[in-house]
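Reviewing the structure listed below.
The values are calculated or read from the model by the stated rules, or taken from the named source; none is laboratory data. Being a predicted model, the structure only gives us computed values, none of them experimental. In this analysis, Cβ positions are derived from the backbone assuming ideal geometry, glycine residues included, and neighbour counts consider all displayed protein chains. Just the protein is used for accessible areas: all its heavy atoms, side chains included, with ligands, DNA and RNA removed. Shrake-Rupley method; radii C 1.70, N 1.55, O 1.52, S 1.80 Å.
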Amino acid sequence: MAGNFWQSSHYLQWVLDKQDLMKERQKDLKFLSEEEYWKLQIFFANVIQALGEHLKLRQQVIATATVYFKRFYARYSLKSIDPVLMAPTCVFLASKVEILECEFYLLELMDCCLIVYHPYRPLLQYVQDMGQEDMLLPLAWRIVNDTYRTDLCLLYPPFMIALACLHVACVVQQKDARQWFAELSVDMDKILEIIRVILKLYDQWKNFDDRKEIAAVINKMPKPKPPPNREGFIQRAPTPSGLRRMSTPLRGQAPGGPLASSRPFLFQSSCTCTPLHP
């Protein structure tokens, strides 16, 4: 996306403070544990990914839909609108395919801040600068895709997420990039914070069987109240079974490399992602 990130609504309004995010989330954590909330994030990101791929949308559009979803629930409880309804609404909004009544509500509550910057563009620039495009780009791209199952897109600028994903890819591919990272003018403590979240995601994800667990987690999720005098408006889907079938397997687009599966790539790796910086 062209434009100036630092002057955009993304930077000015939607790079959030973690403490503020967790404060808003306490309404839902009265019903759910943090681990269960992580599982919901993974599940609904999978749903958005699967729906987007079914509609043959580009990965950037799917990522934008995921960010819209996360922005909404960063400010409002899960019980405000059922995520089962909100997930496809975000896909439709991101792809400009169809206007839904719920979409107007989403637009109003997001203050119409529809500009979203993603890590993909800076990632391409970084791997080209490093001169390791064929070796690192497919893997780093897949890691970027996986970060949308976390809160990272709400907390950090995209270029930092791109660097963290590239950092992890270098470790997995055993590429010594310490000198390249040392020459960057960037807060490496922030990069390492992002890396720790990525590793926590993979740790949570590898033990998460959504077919067995998600129904129980959704049953614990706070539910929206039916709107008054709106008998024809269905606010909540009856079960997640159809979405569960849709959400696996997934296929994410990575340029010039193998397609991403619904399971994160580190599941098959025994490596430990040691930071490249001391």
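Give all pairs with beta carbons closer than 8 Å in which a residue from region 151-172 that is of a type in the set (D, E, K, R) meets a residue that is in a helix (DSSP H, G or I); count only pairs at least 6 apart in sequence or on separate chains. Within 8 Å, the pairs are 151/18; 151/21; 151/41; 151/70; 151/74; 151/197.
If only residues of region 5-38 that are touching a Phe, Trp or Tyr at 6+ places or on another chain (Cβ under 9 Å) and part of a loop (DSSP other than H, G, I, E, B) are counted, the one that is modelled with the highest pLDDT is 15.
From the list 142, 178, 196, the one residue that fits, being touching a residue at least 40 places away in the same chain (Cβ under 8 Å), among the charged types (D, E, K, R) and open to solvent by 50 Å² or more (accessible area, probe 1.4 Å), is 178. Put simply, of 129, 189 the only residue that is part of a helix (DSSP H, G or I), under 25 Å from residue 15 (Cα atoms) and open to solvent by 30 Å² or more (accessible area, probe 1.4 Å) is 189.
Return a yes/no flag: does region 41-50 have any residue that is in contact (Cβ under 8 Å) with a residue 12 or more places away in the chain, under 12 Å from residue 151 (Cα atoms), of a type in the set (A, V, I, L, M) and not in a helix (DSSP H, G or I). Looking through region 41-50, none of the residues is in contact (Cβ under 8 Å) with a residue 12 or more places away in the chain, under 12 Å from residue 151 (Cα atoms), of a type in the set (A, V, I, L, M) and not in a helix (DSSP H, G or I). If you go through region 199-225, how many residues are open to solvent by 30 Å² or more (accessible area, probe 1.4 Å) and assigned to a loop (DSSP other than H, G, I, E, B)? Residues flagged as open to solvent by 30 Å² or more (accessible area, probe 1.4 Å) and assigned to a loop (DSSP other than H, G, I, E, B) within region 199-225 amount to 4.
Taking the conditions (1) without any contact (Cβ under 8 Å) to a residue 60 or more places away in the chain; (2) farther than 18 Å from residue 161 by Cβ; (3) surrounded by 18 or more Cβ atoms within 10 Å (Cβ to Cβ) in turn, residue 56 satisfies each one other than (3). Answer yes if at least one residue in region 173-189 is in contact with a helix residue (DSSP H, G or I) (Cβ under 8 Å, 6 or more places away or on another chain) and at pLDDT 95 or above, and no otherwise. No - not one qualifying residue is present in region 173-189.
Residues in region 133-148 that are modelled with pLDDT of 95 or more and of a type in the set (Asp, Glu): 146 only. For residue 137, the criteria (1) closer than 18 Å to residue 186 by Cα; (2) open to solvent by less than 10 Å² (accessible area, probe 1.4 Å) hold in every case but one, which is (1).
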